[in-house]
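The values are calculated or read from the model by the stated rules, or taken from the named source; none is laboratory data. For clarity, every value in this text was computed on a predicted model and none was experimentally measured. We place every Cβ from the backbone using ideal geometry, glycine too, and count neighbours over all the protein chains shown.
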Amino acid sequence: MVTREAEAAAPRIGVLALQGDYDAHARALEETGAETAPVRLPAQLANLDGLVIPGGESSALLKLMARDGLFDALRAFAQIKPVFGTCAGCILLARRVMQPEQPSLGVLDAMVERNAYGRQLDSTIHLTPTTLPGGPIEAVYIRAPRIISTGPAVDVLGERDGAPVLVRQRHILAATFHPELSSDRRVHRLFFDMAAERATIATHLAG
């Protein structure tokens, strides 16, 4: 349930709409009370309080981002505003990408291995322990990456078989699974709170 206070401070969160189930992310965010907007061009990053980078195929996303001039714009955005990356989005946020190596935005101090949990046929739903209130979370893994290592500023919020699957570094949130494909909105609610906090700070500074 969205409180009156949350409604008053509802953040405007963009969803990168190049690949992946961006509509499912938008619906999940709207259920938490956020206002959403699709992002396909750099100009559409203006006036957002946060951004979600959905799953998909990370190398294909890089090509689409380069074609539309988004790569540098996204990196600049992620330096100062909340960003949440899921699956391929997590790969794009990482400092280093393996198997194979490829460029990334480099804003999350983590090393990520692509497709570490197998191919499409190895996709699974796993009950994953997290530090979020409410117990383990239903996590959907589809050709999921593995977070191999994290830096000291990264908080591990969830693990699978000893490997981080949900992490936060200040205003950056990343998951190797697809929370948008579950009915559990706790991860999106966490990002809503991160973006709402940023919106509140921006409002106070403007005032």
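Descriptive notes on the structure:
- Boolean, His126 is surrounded by 15 or more Cβ atoms within 10 Å (Cβ to Cβ) and either part of a helix (DSSP H, G or I) or at pLDDT 95 or above (or both): no
- Qualifying residue in the stretch 34-45 (condition: in a loop (DSSP other than H, G, I, E, B), surrounded by fewer than 18 Cβ atoms within 10 Å (Cβ to Cβ) and modelled with pLDDT of 95 or more): yes
- Residues located in the stretch 18-33, provided they are touching a residue at least 24 places away in the same chain (Cβ under 8 Å) and within 15 Å of the chain's Cα centre (by Cα): Leu18, Gln19, Gly20, Asp21, Tyr22, Ala24, His25, Arg27, Ala28, Leu29
- Complete set of residues in the stretch 46-71 that are at pLDDT below 95 and charged (D, E, K, R): Glu57, Lys63, Arg67, Asp68
- Candidate set: the stretch 1-16, residues that are more than 12 Å from Asp193 (Cβ to Cβ) and more than 13 Å from the chain's Cα centre (by Cα); chosen: the one modelled with the highest pLDDT: Arg12
- Residue within the stretch 55-72 that is within 20 Å of Asp193 (Cβ to Cβ) and surrounded by 21 or more Cβ atoms within 10 Å (Cβ to Cβ) present: no
- Selection count, the stretch 111-123, where residues are surrounded by fewer than 24 Cβ atoms within 10 Å (Cβ to Cβ) and either modelled with pLDDT of 95 or more or not in a loop (DSSP other than H, G, I, E, B) (or both): 5
- 3 or more residues more than 14 Å from Leu16 (Cβ to Cβ) and of a type in the set (A, V, I, L, M, F, W, C): qualifying strands (runs of 3 or more DSSP E) within the stretch 50-106: 94-98
- Verdict on Gly89 being of a type in the set (Gly, Ala, Ser), in contact with a helix residue (DSSP H, G or I) (Cβ under 7 Å, 6 or more places away or on another chain) and closer than 16 Å to Phe191 by Cα: no
- Single residue of the stretch 73-95 satisfying the filter (in contact with a strand residue (DSSP E or B) (Cβ under 8 Å, 6 or more places away or on another chain) and either without any contact (Cβ under 8 Å) to a residue 60 or more places away in the chain or over 21 Å from Ala24 (Cα atoms) (or both)) that is surrounded by the most Cβ atoms within 10 Å (Cβ to Cβ): Ile91
- Long-range neighbours under 9 Å by Cβ, at least six apart or interchain, first residue among the polar types (S, T, N, Q) within the stretch 102-117, second part of a strand (DSSP E or B): Ser104/Ala94; Ser104/Arg95; Ser104/Arg96; Ser104/Val97; Ser104/Val112; Asn115/Arg146
- Qualifying residue in the stretch 162-181 (condition: surrounded by 15 or more Cβ atoms within 10 Å (Cβ to Cβ), in contact with a helix residue (DSSP H, G or I) (Cβ under 9 Å, 6 or more places away or on another chain), among the polar types (S, T, N, Q) and within 21 Å of Glu57 (Cα to Cα)): yes
- Residue ID - farthest from Met98 (Cα to Cα), chosen from residues in the stretch 138-167 that are at pLDDT 95 or above, among the β-branched types (Val, Ile, Thr) and part of a strand (DSSP E or B): Val156
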